[in-house]
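Asks: Encoded as structure tokens, here's the structure I'll be asking about.
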Amino acid sequence: MVKDPKRFLRYLDEERKAAMLYRSLATTMSGDRREALLELADIEDRHSRHWIAMLTEAGIEVPKAPTSMNEDDAALVHQAKTMNVDDVLEHLESVETAANSLYDNEPDAPQSMVEDEAAHAEAFRRMREDKENVLPIRGAMKAPGPDHMEAWHSTDTSGKARAIVFGVSDGLVSNTALVMGFAGANPNGNTILFAGLAGLLAGAFSMAAGEYVSVASQRDLFQREIQKEAEELLNKPEEEQKELELIYRAKGVPREVAAATAAHIMQDPKKALDTLAREELGLNPDELGSPLKVAFSSFVAFALGASIAVLPYLFLTGNSALVLTIVLSTVALFVVGGVVGRISGRGIVFSALRQFAWGAGAAIVTFAVGSLIGVNV
């Protein structure tokens, strides 16, 4: 069934209104925000010309372009001038998010138009979150560059440090609670030692397996993103060069220098892919993480943390072993919590107290449950 060509009228009206709104909003802003809005308006104009051509081909009269904004758009411009610009950008972001599928099922809309519309919401988000470095239009819906990437991208793409920290913490808390539970149920040193060693090995293998699967899946995802970028580089080199140019412009590089730099990089496909992966996807192709290394680190870290509660029972028995276990575990909980706080920036004292509270709480509960079960049995 052929769609009614009069639908092009609605598309044209939407594109014209958006272009007028963006240009009017640009007069209320400066710097990269203003430039981004003007570029968005230019894109809407290009879309309008496409629908004008489609209307002309279908023999439908093209209406005159509007000379004034509707009340809602005029109110947004007034709000941007007199009140909070960020609220206006947030509103436009939500509107574009709701409308970014406008052309998904439209056979007469070129793929480039679909991609443009999908990028608009992200462009407004960038304008709202970063007033100085705005990366609009094409490439905006893709992962941001290093300046905007998540902290775990920029600090630990391999996941090794995260695995070590959480491995020690998990091993310490879980095995201390396990040992304390058995100590409450049965003061026999051999039983507690066996339980502690079993918990150490089981937990370490479980932690290693989980981290291996996690990092392997993450690595596969990153490699897939880089492969997609390689395909785009092969099939649409002009668009990829423009994206790279916009990335450098967003970093403050002058337009002419950014264009020349992007053109030079694109002359070497291997260098271009490496640069796009780093600048556009926020990935370092040489550091995608090693599942085996992370799994080994997790195993060792968990075993190290879990061994603290077991060590006293290798040399002592009864209350002496129990008291030493409590002392060593308490010190270790504070130390591990402090290290976590130092790494995360949350605060050494706060993190140390939080770690101790969780670890001590788990140990007290399991000891109480073990004591109750031991008495009843």
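Laboratory data are not the source of any read-out in this text; all were calculated from the coordinates shown. Predicted model, so just to flag it, every value in this text is computed and none were measured. Here Cβ is always computed from backbone atoms with ideal geometry, including for glycine, and neighbour counts include all displayed protein chains.
Asks: Mind ranking 316-328, 22-34 by how tightly packed they are, going by the mean number of other C-beta atoms within 10 angstrom, highest first? Intermediate values should be presented prior to the final figure.
Replies: Values: 316-328: 16.0, 22-34: 17.9.
With the highest mean Cβ count within 10 Å placed first, the list reads 22-34, 316-328.
Asks: Please work out the ratio of the alpha-carbon Rg of segment 314-377 to 2.2 N^0.38 Å and round it to two decimals.
Replies: 1.38
Asks: Of Lys236/Lys271; Lys64/Lys236; Lys236/Lys270; Lys17/Lys81, which pairs sit farther than 27 Å apart, going by alpha carbon to alpha carbon?
Replies: Lys64/Lys236
Asks: Taking every pair of Cα atoms in segment 7-141, average 1/r, invert it to obtain the Kirkwood radius, and report Rg/Rh to two decimals.
Replies: Taking Rg over the Kirkwood Rh, I get 0.97.
Asks: Please report, in whole Å, how far the alpha carbons of segment 223-279 spread along each principal axis, starting with the longest.
Replies: 32, 18, 16
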